[in-house]
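Inspection log for the structure reproduced underneath, given as structure tokens.
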Amino acid sequence: MRRFDDLLPRVTSSAEETMRLGAELARRLLRGDVVALYGDLGSGKTVLTRGIGSALGIPESEINSPTFTILHEYASGSIPLYHFDAYRIESLEEFYDLGYEDYFFGDGISIVEWADRVEGLLPDGALRLRLEHAGESSRRVRLVGAPAPADQSVAS
């Protein structure tokens, strides 16, 4: 995604820097954008989301991972923010039953933590970001492409 190439990849050295990167990303996000976040526990997915939300005018203290509720909706910012956590999703049907399409194709910005769990439902144009541990408090954030469909493998 060309509008993010100059920001990423990036290594942040603290949670505050990861939040600042989120704020920089937010300034380039548009209504209807879907941000897919990939990474292990503690890699900074929620912190990055907090930075995006903060830049949209949502108080940082309100933004927490929706691990048990799966979705938090934030309407108090300049653009609605829909924050999904797919960690506990058992099947694509479960995510589909949430009405994800209303959010992904609505007027806000959707962020999906643990996006690999719902990859088959992500739009082609989703901004896919991988967050990785790069030290005790450092994180590497980079753009990743959509995985190739399984049925298009190259025969040897």
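The values are calculated or read from the model by the stated rules, or taken from the named source; none is laboratory data. Keep in mind that this is a model prediction, so the values were computed, not measured. Here the Cβ positions follow ideal geometry from the backbone for every residue, glycine too, while neighbour counts run over all protein chains shown.
Would you point out which residue out of GLU113, GLU94 is out of contact with any Cys (no Cβ under 9 Å at 6 or more places or on another chain), over 21 Å from LEU29 (Cβ atoms) and not polar (S, T, N, Q)?
On inspection, the qualifying residue turns out to be GLU94.
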Residue that is in contact with a helix residue (DSSP H, G or I) (Cβ under 7 Å, 6 or more places away or on another chain), closer than 26 Å to ASP6 by Cα and modelled with pLDDT of 95 or more, where the choices are GLU132, GLU60, GLU113: GLU113
By residue number, the members of segment 131-144 that are buried (at least 20 other Cβ atoms within 10 Å of the Cβ) and within 12 Å of the chain's Cα centre (by Cα) are LEU131, VAL141
Just wondering, is there one or more residues in segment 113-125 that are in contact with a strand residue (DSSP E or B) (Cβ under 8 Å, 6 or more places away or on another chain), among the small types (Gly, Ala, Ser) and surrounded by 15 or more Cβ atoms within 10 Å (Cβ to Cβ)? yes
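So how many residues does segment 90-110 have that are surrounded by 19 or more Cβ atoms within 10 Å (Cβ to Cβ) and touching a helix residue (DSSP H, G or I) at 6+ places or on another chain (Cβ under 7 Å)? Spell out how you get there, then give the answer.
Initial filter on segment 90-110 (surrounded by 19 or more Cβ atoms within 10 Å (Cβ to Cβ)): 95, 100, 103-104, 108-110.
Next cut, touching a helix residue (DSSP H, G or I) at 6+ places or on another chain (Cβ under 7 Å) only: 95, 100, 110.
Adding up the residues that qualify gives 3.
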